[in-house]
Structures are given as structure tokens and as C-alpha cells.
Amino acid sequence: MIAPVRYTVASERPEAHVYRVSCTVADPDPSGQEFALPAWIPGSYMIREFARHIVSIQAESRGRPVAIAKTDKHSWRAEACAGPLTVTCEVFARDLSVRGAYLDPRHAFFNGACLFLRPEGHEGEPCELEISRPKGARYRDWIVATAMERAGAKPHGFGAYRAADYDELIDHPFAMGELALDGFRACGVPHEIAIAGRHRADTRRLARDLKRVCEHHIRFFGEPAPMKRYVFLVTALGEGYGGLEHRASTALVCSRDDLPSRGDARVDDRYRTFLGLASHEYFHTWNVKRIKPAAFTPYDLDREAYTGLLWAFEGITSYYDDLALVRSGLIEKKEYLELLGRAITAYLRAPGRARQTLADASFDAWIKYYRPDENSPNATVSYYGKGSLVALSLDLTIRDQTRGRKSLDDVMRELWRRHGLTGIGVEEGGVERIAEEVAGVKLRNSFAGWLRSTRELPLETLLAAHGVDMVLRSAESSSDRGGRPAATKTPGGLARLGVLARSDGEETVLTHVLDGGSAREAGMAAGDTIVALDGLRPGRGGLDAALAKRAAGETVKLHAFRRDELLEFEVRLKAAPADTCVLSELPGAKRRLLDRWLRAPRG
Ligand SMILES: [Zn+2]
């Protein structure tokens with residue numbers, strides 16, 4: 001029998017945000033045992049170098065110190081010894097994001113990728129984890145939430161847990177603290193919600209609504225669900241948004257105002273955002289956690305794992321996250337069309353869609369999507385945003401060309417059968433091939449246009465064929481995200497500078513200057529702080545208020561600081577482009593097609 005690799009996690013100094021973590025290998029490599037910490041975490045495609053948070057590291061065997069030395073930025077080598085060999089490190093944890101590790105006297109959260117050393121050559125061995133309660137009276141009521149299997153710990157208790165191998169060990173994040181718990185069963189599978197942070201959420205309602213989303217997704221791919229239980233680990237903050245998928249859980253960070261409040265029956269804009277996020281991560285339980293690109297099978301956590309397929313794993317998931325809300329009856333058709341209108345608006349507003357293809361956006365996620373800068377809107381396209389619109393185009397094209405006999409739903413179920421259930425990675429052209437096969441129609445040219453060129457997507461035609469009218473108008477203000485008809489009847493909308501900006505007190509700081517806009521032509525740059533427009537301070541209303549009475553074609557004089565130098569610009573204002581999308585249902589015979597698209601498929 002193979003001795004498991006043993007890990008311990010202690011929160012010795014929560015106020016200093018330091019975990020003490022050990023890893024014990026019973027039979028270390030006789031020529032010297034190597035250890036490494038992942039450079040990235042699956043689901044978030046950027047080199048994060050978690051090893052930079054390791055404060056100290058020591059090794060010992062049978063009570064005697066063993067020399068351990070670093071061999072590269074995230075690897076160590078311990079001198080040869082008979083074993084067992086224990087390596088102990090202190091890890092600084094103050095990253096509140098879903099990708100990191102966090103510890104303070106109020107709450108703790110960690111991803112194994114941030115804490116657990118991987119002993120080279122022992123990755124396939126079972127792991128045991130002992131997790132201990134911080135010492136002191138204030139931690140008496142702390143509990144533990146995780147999807148990792150218990151191996152002696154009581155439900156929600158500190159103590160022993162186990163994982164089949166290293167890959168599983170780091171795929172079950174932990175939350176600890178005075179967590180609010182609720183739960184439900186979806187298609188017979190127990191689901192749990194654990195919320196950290198202050199909130200006044202109606203957790204009963206949350207459980208009821210999430211149950212509908214989860215059952216929808218399980219039935220979409222077909223029962224039984226691929227996990228024995230599932231945990232939503234939620235951290236509620238003042239402001240926050242993010243999620244990371246795992247095989248049997250998800251970590252979500254949200255604003256506490258996005259959670260449903262007691263006595264409120266509506267799914268408002270904010271709660272819809274939360275449900276969309278939860279739906280997205282849950283869909284990943286199939287699409288990316290089990291149907292995986294070949295490039296992730298297995299994950300190489302030492303370096304970038306390049307794939308052109310993120311459009312399928314993030315884009316298709318982004319398409320189905322909101323679609324599941326309307327199909328499961330949580331939102332109305334009209335609300336869904338509003339969300340879709342907003343997604344199209346966001347896509348149309350980035351000039352970078354004419355520069356970067358979707359396949360390139362996916363391949364370069366490591367250095368571009370996750371590391372945005374002041375030129376990103378001009379140079380890149382989001383594989384989430386455009387990816388979801390390609391998924392929409394693919395779905396509607398298949399429905400159209402097969403007269404409704406097939407859809408993207410069938411493609412996803414075939415991917416599940418061939419790749420999810422078998423664990424065989426999807427080759428780079430695999431999604432395209434399976435889509436053509438399942439639909440029985442030629443899609444080669446469509447895919448080439450959508451994925452490997454910057455041609456515009458045929459959204460208007462495809463939507464019209466499914467009973468949806470797509471209208472473009474200009475934005476009414478900088479907070480106009482689209483999806484709804486214009487509130488005012490001013491023709492042409494505002495004159496625009498062609499910038500993205502943030503208010504800093506009474507000043508307006510340009511964060512991005514868009515290609516083709518008037519600010520770009522006048523020579524303005526990101527970082528410029530506008531202090532006056534025609535001699536007057538823009539004030540708290542920002543650029544919207546300052547430009548409200550101006551028309552396209554007028555020239556204005558702008559004063560702005562670039563670093564500490566005051567500059568003057570003559571800016572000829574352009575009309576706001578028609579980049580704001582509004583979708584509505586067309587009356588008539590197409591209604592049946594629309595209803596068939598937006599209703600739950602029969603699995
Ligand atoms: Zn995702």
C-alpha cells in the first residue's frame with residue numbers, strides 16, 4: 001500500500017495573515033526530493049507565482065534538520081534522507097480574490113495551489129490533510145466549508161480530510177470562519193451554500209433559486225450529476241465580483257447587495273448578476289472541469305498551458321450562464337434579451353475586436369486578458385464576451401440550418417459523452433469537428449470567420465431569423481450599458497470624446513483613449529487629468545454633464561494635466577457611435593422559434 005502524502009494547515013497567526021503548512025513524504029526520492037508550488041491556478045490563466053508568498057521553508061526528518069535549497073522561482077530540493085521527510089513553510093495570505101489565500105481573525109479562505117507543495121514523483125499518490133482550528137476563544141465558533149472528502153473531521157469541522165491525488169487536493173478550496181450555511185438537494189445531490197462576511201441575505205430564497213439553476217444544468221447534460229456533493233463558497237464584501245470553478249465547488253466573491261434581501265421577491269439587476277455568476281461557475285463543473293482542452297490534460301502548473309480553445313470553455317459557458325436563468329424561469333424573456341443586448345453592446349464598444357481574433361485572444365490570455373492596460377480596448381477582444389456571442393451565433397446557425405432539429409445543446413452533450421465522461425482532452429480543432437458532425441452541416445467557413453478573423457459576427461441576421469429585432473443606437477451617458485431603449489428622445493445622443501474615464505473627486509481622469517475617437521485625434525492620452533473644458537471645471541457631473549449641451553462637430557478646448565505638466569487640447573467632438581444594442585421580440589410567426597430557443601431543452 002502506498003503511504004499517503006500528509007499535509008497540515010495551521011492558522012497560527014491570523015492577525016499577521018500567516019498560515020503554517022507542512023508536507024510529509026514517507027519515502028522521499030533517495031537522490032534528493034524535489035518540491036514545487038504551482039505557478040498558476042486552473043481557471044485563471046496567468047502566471048501568479050504563488051511561491052512569492054512563501055516567507056520561510058524548512059525540512060526535517062526524524063527530528064533532524066535536512067538541508068533544502070531553491071532550484072528555481074517555485075521549486076526546492078531537499079537533501080537525500082531516509083524519510084519520512086517533512087517540509088514546513090510559512091505562507092503570507094492576504095489575497096481576498098477567489099484565486100488566492102486569505103487569513104485574518106474574522107475569516108479564512110485558501111486554494112491549495114497557494115499552500116500545498118507538490119512532491120515531485122508523488123503527484124499520483126493519495127493525500128491526507130489535517131486542518132487545525134486557530135488557538136483562542138475568538139475562534140471557538142469557526143467552522144469549515146469545503147467539498148473535500150472528510151477523513152475523520154466532523155461535518156464542517158476541523159480535522160482530517162483526504163484527496164485521491166495532488167490534482168484533487170488543490171481543487172477543493174476551503175473557507176473557515178463563522179460562516180452562514182444553507183443547502184438544498186438538486187437532482188438528489190446535496191448542495192451547500194457557505195457565506196463568509198457580513199450580510200443580511202435571505203439564504204432560504206438563495207437556496208431555492210440556486211436549486212433551479214443547478215437542476216437545469218444537471219438535466220442539460222443528463223443525470224446523474226458528475227459530483228456527489230457540491231459547495232458554493234461565497235465571500236460577501238462591500239464591493240466585489242469574481243468566481244472560480246472547481247470539480248465539486250466554486251469560490252464566489254460578490255457584493256453583499258447582490259445577494260437577495262429578505263422579503264424581496266424580485267430578481268433585480270444586482271441579484272441577477274449574482275445568479276448569472278453562480279450559474280456560470282456551475283456550468284464549468286462540466287465544461288472545463290471535465291470536458292477539458294487536451295492542453296490541460298494533465299495541467300502543467302509550472303508554466304503556461306497554451307490553448308486556442310478558451311472561447312469554447314469560457315465563451316460557451318458565458319453564453320449558457322444567463323440562458324439558464326431564462327430557461328429555468330428565474331428571469332423573463334424580456335430580461336434575457338436585455339442581458340444579451342448588453343453583451344452585444346460591450347462587444348461593439350471595443351475597437352480591439354478589429355485587431356485581435358478570438359483564437360489569438362484565447363492563446364494570449366496569459367499575457368493579455370489577465371494583464372489589461374490602457375491600450376487593451378484598442379488591441380484585444382474578450383474571449384468571454386466575443387466567445388459568448390460566437391456561441392450564440394453557432395447555436396442560432398445550427399438551429400437555422402437544421403430547421404430546429406439540432407442546436408448547440410446537442411453539441412455540448414456530445415462533447416460531454418466523448419470527452420467529459422472519458423477524461424480524454426479536446427484537441428484544438430475538436431469543438432469545431434464535433435459541432436459539424438452533430439449538426440450535419442458545414443460550419444468550416446463560419447468558424448474561420450468567427451474564430452480566426454476579425455470579421456463582424458452575423459448577429460442581426462441570425463437574431464432576426466429567430467424573432468428578435470436588433471437595433472443599434474448611440475449611448476445616452478457613460479453609464480448606459482445598453483439593452484434598453486433610449487430613455488430620452490434626443491436624436492444622435494451625446495457628443496463624445498471617445499474615452500473611458502473615472503472621476504477622482506472633481507477631476508476626471510482618462511483611463512483609456514479609444515482608437516477613432518475625438519480625444520485620440522486631438523492627442524490626448526490615458527492618464528490625462530481633465531481640469532477644464534472651455535475654461536470651466538467639469539465638476540462632479542464629470543464629462544457627461546460637461547458635454548451634455550455640446551453637439552457633434554463643435555470644437556472644445558480642454559485643459560489637462562499629464563503628470564505635472566498642464567496641456568491644452570483643441571478637440572473636435574464627434575457624434576456618439578451607434579454602439580448600443582437593444583433587442584426586442586418581433587411580432588409574428590417567428591415567436592415559436594424564439595420560445596423553442598429560450599425554453600429548457602428536453603435532455
Ligand atoms: Zn468561467
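The values are calculated or read from the model by the stated rules, or taken from the named source; none is laboratory data. Nothing here was measured: the structure is a model prediction, and the numbers come from that model. Virtual Cβ from ideal backbone geometry, glycine too; neighbours counted across all protein chains shown. Each accessible area value is taken on the protein alone, full model and side chains, heavy atoms only, with ligands, DNA and RNA left out. Shrake-Rupley method; radii C 1.70, N 1.55, O 1.52, S 1.80 Å.
Residues that are touching a Pro at 6+ places or on another chain (Cβ under 9 Å), without any contact (Cβ under 8 Å) to a residue 60 or more places away in the chain and open to solvent by less than 60 Å² (accessible area, probe 1.4 Å): does region 98-111 have at least one?
no
Examine region 471-486 for a residue that is at pLDDT 95 or above and of a type in the set (S, T, N, Q), and state whether such a residue exists.
no
Would you confirm, using the coordinates I've provided, whether Leu103 is at pLDDT 95 or above and in contact with a His (Cβ under 7 Å, 6 or more places away or on another chain)?
So Leu103 passes the test.
Can you tell me which residue among Arg266, Arg303, Arg270 is of a type in the set (D, E, K, R) and within 20 Å of Ile367 (Cβ to Cβ)?
Of the residues listed, the single one that is of a type in the set (D, E, K, R) and within 20 Å of Ile367 (Cβ to Cβ) is Arg303.
When residues of region 537-566 are filtered for being open to solvent by less than 70 Å² (accessible area, probe 1.4 Å), among the charged types (D, E, K, R) and over 16 Å from Ser478 (Cα atoms), how many remain?
Number of matching residues: 2.
For Gly83, all conditions in the list (1) at pLDDT 95 or above; (2) surrounded by 15 or more Cβ atoms within 10 Å (Cβ to Cβ) hold save one; what is the number of the exception?
All conditions pass for Gly83, except number (1).
Can you name the residue in region 575-584 that is modelled with pLDDT under 95 and touching a Gly at 6+ places or on another chain (Cβ under 7 Å) and is also surrounded by the most Cβ atoms within 10 Å (Cβ to Cβ) among such residues?
The qualifying residue surrounded by the most Cβ atoms within 10 Å (Cβ to Cβ) is Ala576.
Scan the helices (runs of 4 or more DSSP H) fully inside region 334-410 and keep the ones with 2 or more residues being over 20 Å from the mean Cα position of the chain (by Cα).
376-379, 385-401
Run Asp321 past the list (1) of a type in the set (D, E, K, R); (2) closer than 30 Å to Glu123 by Cβ; (3) within 12 Å of the ligand (Cβ to nearest atom) and report the number of the one that doesn't hold.
(2)
Check Thr397, Thr307, Thr357, Thr317 and return the single one that is over 19 Å from Met46 (Cα atoms), in contact with a strand residue (DSSP E or B) (Cβ under 6 Å, 6 or more places away or on another chain) and of a type outside the set (Phe, Trp, Tyr).
One residue alone meets the criteria, Thr317.
Report yes if some residue within region 261-275 is at pLDDT 95 or above, within 30 Å of Glu149 (Cβ to Cβ) and within 16 Å of the ligand (Cβ to nearest atom); otherwise report no.
yes
What are the residue pairs meeting all of these: first residue in region 549-562, first residue in contact (Cβ under 8 Å) with a residue 24 or more places away in the chain, second residue surrounded by 15 or more Cβ atoms within 10 Å (Cβ to Cβ) and of a type in the set (Asp, Glu), Cβ atoms under 8 Å, and 6 or more apart or on different chains?
Short answer, once both residue conditions are applied: Ala560/Asp528; Phe561/Asp528; Arg562/Asp528.
Mind counting the residues in region 277-309 that are farther than 23 Å from Gly429 by Cβ, out of contact with any Pro (no Cβ under 7 Å at 6 or more places or on another chain) and more than 11 Å from the ligand (Cβ to nearest atom)?
Residues that pass the stated criteria total 3.
Filtering region 27-68 down to residues that are within 16 Å of the ligand (Cβ to nearest atom) and touching a strand residue (DSSP E or B) at 6+ places or on another chain (Cβ under 9 Å), which residue is farthest from Tyr299 (Cα to Cα)?
Only one residue fits best here, namely Ser44.
Just one of (1) open to solvent by 10 Å² or more (accessible area, probe 1.4 Å); (2) modelled with pLDDT of 95 or more trips up Gly315, so point out which.
Condition (1) is where Gly315 drops out.
Given the structure, is Tyr139 within 25 Å of His191 (Cα to Cα), among the aromatic types (Phe, Trp, Tyr) and either open to solvent by less than 20 Å² (accessible area, probe 1.4 Å) or in contact (Cβ under 8 Å) with a residue 24 or more places away in the chain (or both)?
For Tyr139, the condition - within 25 Å of His191 (Cα to Cα), among the aromatic types (Phe, Trp, Tyr) and either open to solvent by less than 20 Å² (accessible area, probe 1.4 Å) or in contact (Cβ under 8 Å) with a residue 24 or more places away in the chain (or both) - is not met.
Output the residues belonging to region 58-93 that are in a strand (DSSP E or B) and touching a helix residue (DSSP H, G or I) at 6+ places or on another chain (Cβ under 6 Å).
Answer for region 58-93, where residues must be in a strand (DSSP E or B) and touching a helix residue (DSSP H, G or I) at 6+ places or on another chain (Cβ under 6 Å): Val91, Phe92.
Taking region 253-289, which residues are open to solvent by 40 Å² or more (accessible area, probe 1.4 Å) and polar (S, T, N, Q)?
Across region 253-289, the qualifying residues are Ser261, Thr273.
Looking only at region 21-48, how many residues end up being open to solvent by 70 Å² or more (accessible area, probe 1.4 Å) and farther than 17 Å from Ala80 by Cβ?
Of the residues in region 21-48, 0 are open to solvent by 70 Å² or more (accessible area, probe 1.4 Å) and farther than 17 Å from Ala80 by Cβ.
Which is of a type in the set (Asp, Glu) and free of Cβ contacts under 8 Å to residues at least 12 places away in the same chain, of Asp29, Asp72?
Just one listed residue meets the conditions, Asp72.
For region 35-56, state whether one or more residues are touching an Asp or Glu at 6+ places or on another chain (Cβ under 7 Å), in contact (Cβ under 8 Å) with a residue 24 or more places away in the chain and within 20 Å of Tyr161 (Cβ to Cβ).
Within region 35-56, none of the residues are touching an Asp or Glu at 6+ places or on another chain (Cβ under 7 Å), in contact (Cβ under 8 Å) with a residue 24 or more places away in the chain and within 20 Å of Tyr161 (Cβ to Cβ).
Given (1) closer than 29 Å to Lys289 by Cβ; (2) at pLDDT 95 or above; (3) more than 16 Å from the ligand (Cβ to nearest atom), identify the lone condition not met by Pro372.
All conditions are met except number (2).
Confirm whether Gly177 is open to solvent by less than 10 Å² (accessible area, probe 1.4 Å) and not hydroxyl-bearing (Ser, Thr, Tyr).
yes
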